[in-house]
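To start, the structure itself, in structure tokens.
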Amino acid sequence: MLLTGSSSAQPIVLLDAYYNNETKKDASGKEVHWHYAWDDFSDGGFGLLAKIFTKQGAALKTAYNAPSKNELKAASIYIIVDPDHVKDNPSPHYMNTKEADIISMWVKKGGTLLMMANDSLNCDLEHFNILANKFGISFTKESINMVKGVNYEMGNVVPIKGNKIFSDGLKIFMKDVSALTIGKGVEAIAGNGEKNIVAYTRYGKGHVIAIGDPWLYNEYIDNRKLPASFQNTKAAEELVAALINFSTQNK
């Protein structure tokens, strides 16, 4: 596991590296975890997101095994991103009913869960939905915001006015997204004007946010590629603030 310096007052953010378990060889030939990892500052890493969390007072941890009651008990926020299928990993760890029950019970007792998927060609949606469906949310195989080349406006995402997470009028970029369907009691947070992309719900004492894309990786968080009109960094800061705020409720 990777854990930044922490105290009992800090919310602990647990990032999954079990369902998303992509590896590559480093310079020494050793297999290392990468892609959506806290310490990865390549385009596909979460290094910049990690800085936003720590700046807002969180401690960071990575889980390389299936979720357990004990490990989740110590976490305030649990993040699962882009779970593998065989394209990503020849031996993927698929979500199952037993593990979904453990996670949902943790949420019910007051945990805060962030689920970020991907379009169906790049993510295991079928098994991920075992968990998502418990909260009245489904990641669909309908892929939207399929951006062609540098036509970035095709990836525009707009927050629903008065939502619980993002500022009104914020301009967010998400590319190649799984559209969400949501059930009764689930709130639409943001979309592309036609389809839901971000949703929120309470579950027992806890909170769940579902997003159809792993959009907060380094490539699209600091405008290193995006036009300046997009506000992904501000959106990331607001999402992190919401997650931390949710996690401190009922504590």
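The values are calculated or read from the model by the stated rules, or taken from the named source; none is laboratory data. Predicted model, so just to flag it, every value in this text is computed and none were measured. Note that we place each Cβ from the backbone using ideal geometry, even for glycine, and neighbour counts take in every protein chain shown. Quick note on the areas: whole protein, heavy atoms, side chains included, nothing else; ligands and nucleic acids left out. Shrake-Rupley method; radii C 1.70, N 1.55, O 1.52, S 1.80 Å.
Key figures for this structure:
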quantity: The chain, helix-only ellipticity at 222 nm - DSSP H runs n ≥ 4, -39,500 (n - 2.57), divided by all residues, nearest 500; calculated: -6000 deg cm²/dmol
quantity: Residues with amide H under 5 Å from that of ILE172, placed H, sequence gap 5 or more; calculated: VAL157, GLN231
quantity: Backbone HN-Hα couplings from phi across region 236-248 [Karplus 6.51/-1.76/1.60, Hz, Gly and Pro as x]; calculated: 4, 4, 6, 5, 4, 4, 5, 4, 5, 4, 4, 5, 8
quantity: Burial ranking of peptide ranges 20-29, 125-134, 108-117, 224-233 (average Cβ count within 10 Å, highest at the top); calculated: 108-117, 125-134, 224-233, 20-29
quantity: Accessible surface, per residue, of region 197-251 when the full set of protein chains is kept, probe 1.4 Å, Å²; calculated: 34
quantity: Equivalent-ellipsoid semi-axes of region 1-153, from the Cα gyration tensor, Å, largest first; calculated: 23, 21, 17
quantity: Region 131-188 shape via C-alpha gyration tensor axes, a/c threshold 1.5; calculated: oblate
quantity: Cβ-placed point charges (K, R +1; D, E -1), dipole of region 1-132 about Cα centre in debye, nearest 20; calculated: 600
quantity: Cα centre as origin, Lys/Arg/Asp/Glu Cβ charges: the chain dipole, Debye; calculated: 840
quantity: Additional length obtainable on full extension of the chain from GLN249 to SER42, 0.36 nm per residue less Cα span; calculated: 71.1 nm
quantity: Karplus-derived HN-Hα couplings along region 123-134 (A = 6.51, B = -1.76, C = 1.60, θ = phi - 60°), whole Hz, x at Gly and Pro; calculated: 7, 7, 8, 4, 7, 4, 5, 4, 7, 4, 5, 4
